[in-house]
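The values are calculated or read from the model by the stated rules, or taken from the named source; none is laboratory data. This is a predicted model, so every value here is computed, not measured. Note that we place each Cβ from the backbone using ideal geometry, even for glycine, and neighbour counts take in every protein chain shown. Protein only, heavy atoms only, side chains kept; ligands, DNA and RNA dropped before computing areas. Shrake-Rupley method; radii C 1.70, N 1.55, O 1.52, S 1.80 Å.
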Amino acid sequence: MQIESVPPHRHLPPLVKLALELGPLVLFFLGNAYSEKFGVAPDQKLFVATGVFIAATVLALAIHYVMVRRLPIMPLVSGVVVVVFGGLTLALQDKTFIMVKPTIVNALFGTVLLGGLLFGRSLLSVVLDSMFSLTEEGWRKLTFRWGVFFFVLAALNELVWRTQTEDFWVNFKVFGIMPITVLFALAQTPLLTRYERKTPQPEI
């Protein structure tokens, strides 16, 4: 009896992955920044940008699936929330829904990660296992840090959208959250190095 081997997961090239993740955000910014040039009223800019954001997010997920035949967990969850809250924004003509979307997504990720730790599961290892090989203690610490960080992002979004202008919030969402996240990720390098699971060397 011949056993068929399971084909390995395909991965997107890094630049393609980056384009699919950042593309919808960039189009969201452009839709808000330049829609007035096409006759859109100033108070309608965010609605136009939201429509563009929804379409671009769905398209990015579709392209990702076509290329690798699977969808990553975090972009998928974020995409669903974009469609739901963006759809509510357009249907009810209420900008609050799209503005609280980052709060909902980040609080959800933070709750899942920290909640998993309470039950003895480092769920971040499920998402990033193919990228890093860490000891159990390393995964616990990294999961805790990212869980707390997601709640910090949620709090930052609440602070910005409730106290600043719409344009400031859009700029913060596109050009603020991403650099903050990249800097935080880079700050975890010492932890990744310290708790890297060592591959035993074969005896000669």
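Collect the residues in segment 47-58 that are hydrophobic (A, V, I, L, M, F, W, C) and either surrounded by fewer than 16 Cβ atoms within 10 Å (Cβ to Cβ) or within 17 Å of the chain's Cα centre (by Cα) (or both), keeping them in residue-number order. Explain how you work it out, then say what you get.
Applying the first criterion (hydrophobic (A, V, I, L, M, F, W, C)) to segment 47-58 yields 47-49, 52-56, 58.
Across segment 47-58, the qualifying residues are F53, I54, A55, A56, V58.
Of all the listed residues (L61, L88, L25, L20), the sole one being surrounded by 13 or more Cβ atoms within 10 Å (Cβ to Cβ), assigned to a helix (DSSP H, G or I) and touching a residue at least 60 places away in the same chain (Cβ under 8 Å) is L25. Taking A33 as the residue in question, decide whether it is under 19 Å from G86 (Cβ atoms) and within 16 Å of the chain's Cα centre (by Cα). No.
Among the residues examined, V81 does not qualify as under 12 Å from the mean Cα position of the chain (by Cα), under 27 Å from K45 (Cα atoms), in contact (Cβ under 8 Å) with a residue 24 or more places away in the chain and open to solvent by 20 Å² or more (accessible area, probe 1.4 Å). If the condition is being polar (S, T, N, Q) and more than 20 Å from P14 (Cα to Cα), then segment 49-107 contributes T50, T89, Q93, T96, T103, N106.
Would you check which residues across segment 64-73 are touching a helix residue (DSSP H, G or I) at 6+ places or on another chain (Cβ under 9 Å) and surrounded by 14 or more Cβ atoms within 10 Å (Cβ to Cβ) and list them? Hits for segment 64-73 are H64, M67, L71, P72.
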